[in-house]
């Protein structure tokens, strides 16, 4: 199929726009977290923003490559989320958006790309869908902890490590300020890899 006449071309443009917007929203959320002295949450959102921009670049590069540079503008019409910027609710809202991309949007775009003969693009949509599922899990987990005021509280003793100086305490609740470098609780690292798989 001619790429310039394909549905995949439009799907790539929609995906590029969505990933750029997600990257921007995550940067906004990172700034909100930093204003609330939540360095770990800010850093996590920066990482997710970086991931989203890398996805946008994949889509962008496909458009340039497959069109041989002939595409200058792709009109698209799609809905994009605009929510009130509140950190607690935004984490959970974004998790739902990521899950929709992972379970519905990108698998659908992958099927279309495969049907149109763009197997490499289909594979990229599938791989990005897996990353978006991971993002959804991270955002949902952090959102639920934050919403219930348990971001730095656990039922069992947990390792709480300061991301600045490396000081470690084992307790049910993270220290309010680091006893070594005196930075606020928001600098404590949450071991997402471990906690999401428990």
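FYI, it's all coordinate maths here, none of it is from the lab. Predicted, not measured: the structure shown is a model, and the values here were computed from it. No Cβ is skipped: glycine too gets one built from the backbone with ideal geometry, and neighbour counts run over all protein chains shown.
Kindly identify region 153-196 as rounded, prolate or oblate by the Cα gyration tensor criterion: order the square roots of the eigenvalues as a ≥ b ≥ c, call it rounded if a/c is under 1.5, otherwise compare a/b with b/c, prolate if a/b is larger, else oblate.
Prolate shape, in that a/c is at least 1.5 and a/b is the bigger ratio.
Roughly what percent of Cα-Cα pairs across region 3-147 reach past 18 Å?
It works out to 55 percent of all Cα pairs.
With the cut-off at 1.5 for a/c, could you classify region 77-159 from its C-alpha gyration tensor as rounded, prolate or oblate?
Oblate, since a/c reaches 1.5 and b/c is not below a/b.
Rounded to the nearest 0.05, what FRET efficiency do residue 72 and residue 134 have when you use their Cβ-Cβ distance and R0 = 41 Å?
0.75
Please give, to one decimal in nm, the separation of the simple spin-label points placed at residue 21 and residue 34, each 7 Å out from Cα toward the Cβ.
Calculated label separation equals 2.4 nm.
For region 1-74, what is the Kirkwood estimate of the hydrodynamic radius, computed as the reciprocal of the mean inverse distance between distinct Cα atoms, to one decimal in Å?
13.4 Å
Which angle from 0 to 90°, rounded to the nearest 10, does the C-alpha axis of helix 119-147 make with the longest principal axis of the chain?
So the inclination is approximately 30 degrees.
Please arrange 181, 162 by how many other C-beta atoms lie within 10 Å of their C-beta, fewest to most.
181, 162
Kindly express, to the nearest 10 degrees and within the range 0 to 90, the angle between helix 106-115's C-alpha long axis and the longest C-alpha principal axis of the chain.
Once rounded, the angle reads 20 degrees.
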